[in-house]
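The values are calculated or read from the model by the stated rules, or taken from the named source; none is laboratory data. Since the model is a prediction, treat every value here as computed from it, not as a measurement. Cβ: placed from backbone, ideal geometry, glycine included. Neighbour counts: every protein chain shown. Ligands, DNA and RNA are stripped out before the accessible areas are found, and what is left, the full protein with its side chains, is counted by its heavy atoms. Shrake-Rupley method; radii C 1.70, N 1.55, O 1.52, S 1.80 Å.
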Amino acid sequence: MMTSYSTDLRRFFRNRFEIYADYGDVSAAAELDGSSFTLADMCWHLQNDSEPFPRHYDLDLRRIMARAGSGVIARPRTYGEVAQLIRLQLGEEASTASTCLGYRR
């Protein structure tokens, strides 16, 4: 069932996804679109979303995964699958940052 909430959340996710792909910035889009949700929040809410993720973002997804040293399966993906990949990537970045600062989880 498609709701306005789902449509808005997907749009906000795409905004943040693009900025993350282009600049590695997970927070800048909030100033542009007015949503208080972070990229990680949106990933959590969309992790089970079966709506197909637009194919024209494939290059951006490949760039994100290349920075992480991961390969991406070249097939149509859902918002949920992309959200899970991004959540894993954000978790890896947080883990790496805390280890570089001398903190261990």
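Which of the residues that make up region 24-42 are modelled with pLDDT of 75 or more, open to solvent by 60 Å² or more (accessible area, probe 1.4 Å) and over 17 Å from Ala83 (Cβ atoms)?
If the condition is that a residue be modelled with pLDDT of 75 or more, open to solvent by 60 Å² or more (accessible area, probe 1.4 Å) and over 17 Å from Ala83 (Cβ atoms), then Ser36 is the only one that fits.
Name every residue in region 48-79 that is within 10 Å of the chain's Cα centre (by Cα) and at pLDDT 85 or above, in order of residue number.
Leu61, Tyr79, listed by residue number.
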